[in-house]
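Structure first, commentary second.
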Amino acid sequence: MGSKFEHNIYTGFEFQPNARALYHINDTNEVWAAASRAVRTPSRLESNGVVTAYSNGFGFVQLLGNDDLQSEKLRALELGYRKQWTQNITSDLALFSDYYDDLSIINYGAATLSTLDGQLLESFPYDNGAHGEVHGAEISTDVQIRDWWKITAYYSYIKMDLKMNSGVLDEGVTTALNEATPMNASYLRSSFNLPHGFEFDGTFRYTSRFDDGLVPAAPEIDLNLSKVINKNWRVSLAGSNLVDAHHKETIPLLGTTQVRHFWYVKMTATF
């Protein structure tokens, strides 16, 4: 058990406790649980910033900081189980539930109208106007097939349910946030320790579609070949996103982000 305590100029005193427990059932089974509280203090922009932009036909639009803004708060609960099936096979299962309060949003329903240089000025303040829950599960299995060959399988499921507080205009913001994270993600990795100090990793990754289908499901493959030159240096040749020439990654406000396949060489020194 423990806690972090701090005092900041934006929200004053904050505390962030956590507690963790692990129970060793026997030589092949373990369960663990954790509970914690975390906060995110407002940025300077959210607290006292002013951002003004102009658009033909709409006039001026302004984002206003709010010096009464409170910290975003998170209560996180986790529960896990580890099973040693055989000497070479291990599985981990983790369940989590996160509860958010006082999320910082732009409150479109509290807009004010004025003029600037003879043009319409519409101002939108920041506000602690949203809350929500995130629930999910992760499961992974490691299989040591040989001393030189290991396989890892991983799958995660996540479901977001963010909502505006009562009396706060939504304008589709929470729907966009809930759709911004894929519900399903997985990978299968095969790792080899080869002769003469070479190591080779091949990973197949998959994420389900999100952003209401604007970002489609994406299967991808990553490859990595590395060699330790001496005890301090390692050189690697790696390729990423090798299934397609490019794929959509996100749908930001200013356009689609496309990620291309690429190869690179990396050298790492340890000392």
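The values are calculated or read from the model by the stated rules, or taken from the named source; none is laboratory data. Everything numeric in this text was worked out from a predicted model, so none of it was measured. Glycine also receives a Cβ, built like all others from the backbone with ideal geometry; neighbour counts cover every protein chain displayed.
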Practice problem: Find all pairs meeting these conditions: Cβ atoms under 8 angstrom apart; at least six residues apart or on different chains; first residue within region 209-228 and farther than 25 Å from SER191 by Cα and in contact (Cβ under 8 Å) with a residue 24 or more places away in the chain; second residue aliphatic (A, V, I, L, M) and assigned to a strand (DSSP E or B). | Solution: ARG209/VAL215
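Restricting attention to region 55-68, does a residue exist that is among the hydroxyl-bearing types (Ser, Thr, Tyr) and under 25 Å from the mean Cα position of the chain (by Cα)? Walk me through how you get there before you give the answer.
From region 55-68, those among the hydroxyl-bearing types (Ser, Thr, Tyr) are 55; that's our starting set.
Filter again for under 25 Å from the mean Cα position of the chain (by Cα), leaving none.
Among the residues of region 55-68, not one is among the hydroxyl-bearing types (Ser, Thr, Tyr) and under 25 Å from the mean Cα position of the chain (by Cα), which makes the answer no.
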Quiz item: So which residues in region 85-128 are surrounded by 15 or more Cβ atoms within 10 Å (Cβ to Cβ) and of a type in the set (S, T, N, Q), if there are any at all?
Solution: THR90, SER91, SER104, ASN107, SER123, ASN128
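Find the residue count for region 172-192, including only residues that are more than 17 Å from the chain's Cα centre (by Cα) and among the small types (Gly, Ala, Ser). Spell out the reasoning first.
First, the residues of region 172-192 that are more than 17 Å from the chain's Cα centre (by Cα): 172-173, 175, 188-192.
Adding the requirement that they be among the small types (Gly, Ala, Ser) leaves 172, 190-191.
Of the residues in that region, 3 qualify.
Can you confirm whether SER36 is under 20 Å from the mean Cα position of the chain (by Cα), surrounded by 13 or more Cβ atoms within 10 Å (Cβ to Cβ) and without any contact (Cβ under 8 Å) to a residue 12 or more places away in the chain?
Working: under 20 Å from the mean Cα position of the chain (by Cα): yes; surrounded by 13 or more Cβ atoms within 10 Å (Cβ to Cβ): yes; without any contact (Cβ under 8 Å) to a residue 12 or more places away in the chain: no.
So SER36 does not fit the description; no.
Looking at region 60-77, which of its residues are part of a strand (DSSP E or B) and either of a type in the set (Phe, Trp, Tyr) or surrounded by 16 or more Cβ atoms within 10 Å (Cβ to Cβ) (or both)?
Our first condition is that a residue be part of a strand (DSSP E or B); within region 60-77, this holds for 60-64, 72-77.
Matches in region 60-77: PHE60, VAL61, GLN62, LEU63, LEU64, GLU72, LYS73, LEU74, ALA76.
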Exercise. Please work out which one of (1) on the phi > 0 side of the Ramachandran plot; (2) touching a residue at least 60 places away in the same chain (Cβ under 8 Å) is the condition GLN62 fails and give its number.
Key: (1)
Quiz prompt | Pick from region 29-59, criterion part of a strand (DSSP E or B) and small (Gly, Ala, Ser), ranking: modelled with the lowest pLDDT | solution = SER55
Quiz item: Does SER123 meet the test of being part of a strand (DSSP E or B), within 25 Å of THR11 (Cα to Cα) and out of contact with any Asp or Glu (no Cβ under 7 Å at 6 or more places or on another chain)?
Solution: yes
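With respect to TYR157, determine if the residue is in contact with a strand residue (DSSP E or B) (Cβ under 8 Å, 6 or more places away or on another chain) and either small (Gly, Ala, Ser) or closer than 28 Å to ASN29 by Cβ (or both). Reasoning before the result, please.
Details: in contact with a strand residue (DSSP E or B) (Cβ under 8 Å, 6 or more places away or on another chain): yes; either small (Gly, Ala, Ser) or closer than 28 Å to ASN29 by Cβ (or both): yes.
Judged against the criteria, TYR157 is a match.
Which of the residues spanning region 188-219 are aromatic (Phe, Trp, Tyr) and within 15 Å of SER240 (Cα to Cα)? Let's see the steps before the verdict.
Taking region 188-219 first, the residues aromatic (Phe, Trp, Tyr) are 192, 198, 200, 204, 206, 210.
Correct list: PHE200, PHE204, TYR206.
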